[in-house]
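The values are calculated or read from the model by the stated rules, or taken from the named source; none is laboratory data. These numbers were taken from a predicted model, which means no experiment stands behind them. Positions of Cβ are backbone-derived with ideal geometry, glycine not excepted, and every protein chain shown enters the neighbour counts. Keep in mind that these areas ignore ligands, DNA and RNA; they rest on the heavy atoms of the full protein, side chains included. Shrake-Rupley method; radii C 1.70, N 1.55, O 1.52, S 1.80 Å.
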Amino acid sequence: MSKELRHILRISDADIDGTLKAPYALTKINGINLNLANAILKKAGINPDVRAGFLTEAEVKKIEEIIKEPTKFELPNWLLNRRKDLETGKDIHLISADLTLKTKMDIDQMKGIKSWRGYRHAYGLKARGQRTRTTGRKGRAVGVKVKTRRVMEHGRS
């Protein structure tokens, strides 16, 4: 008996493409990378080669449970995206809108305490030590304008 392929699944408030293999489909959820997706499938006892559209409702429920509380299912702490949270001190994993909101709150906190990273975020500059001499100019012209250069060559001001 062959199961019917569902083209779109709903897992943890995200629409998932059912034609993708299960680990790659899970990476479409904001906050889940390929390593975590593989670990989730291993804990749920699901073959990673199966297409996401062929997952049963029970398997989808099991995946959602593991995503909701990965520490309860003994996933390693290094897979989580928020270890030693500032407010709670616990290792937690955030996904989708919660992750976006918490990241924005962290950046606002850095701006508020006027840390170096907060200053860089506030002024729209690169915050992680990248070069800024030639990259990240945000739409400004690179180099010298031809008209300005000709005027300078002829000595006119």
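Show me the GluC sites (Glu not before Pro) within segment 42-133 that DSSP assigns to loop and that have at most 11 other Cβ atoms within 10 Å of their Cβ.
Counting only loop positions with at most 11 other Cβ atoms within 10 Å, the GluC sites (Glu not before Pro) in segment 42-133 are E74, E87.
Report the calculated FRET efficiency for A127 and T56 (r = Cβ-Cβ distance, R0 = 35 Å), to the nearest 0.05. The value I calculate is 0.20. Once you've got the Cα coordinates, tell me which of K3/K62; K90/K114; K84/K138 are over 30 Å apart. Violating the 30 Å limit, Cα to Cα: K84/K138.
Heavy-atom surface analysis with a 1.4 Å probe gives the chain a carbon and sulfur content of 52 percent of its accessible area. Per residue, the accessible area of the chain comes to 75 Å² when a 1.4 Å probe rolls over the protein heavy atoms. Evaluated on segment 18-141, the Kirkwood hydrodynamic radius is 17.0 Å, with distances taken between all distinct Cα atoms. Ranking L26, G118, A58 by Cα position along the charge dipole of the chain, where only Lys, Arg, Asp and Glu carry charges on their C-beta atoms, puts G118 farthest toward the positive end.
In the Gaussian network model of the chain, springs joining C-alpha atoms below 10 Å, which of R120, R137, R51 carries the largest mean-square fluctuation? Maximum fluctuation in the GNM of the chain, among the listed residues, is at R137. Of the chymotrypsin sites (Phe, Trp or Tyr not before Pro) found in segment 33-127, those that fall in a DSSP loop while having at most 10 other beta-carbon atoms within 10 Å are Y123.
Expressed as a rounded percentage, what relative contact order does the chain have, with Cα pairs under 8 Å and six or more residues apart? Don't skip to the answer; put the middle values down first.
Details: 160 pairs, mean separation 23.0, N = 157.
Here the relative contact order equals 15 percent.
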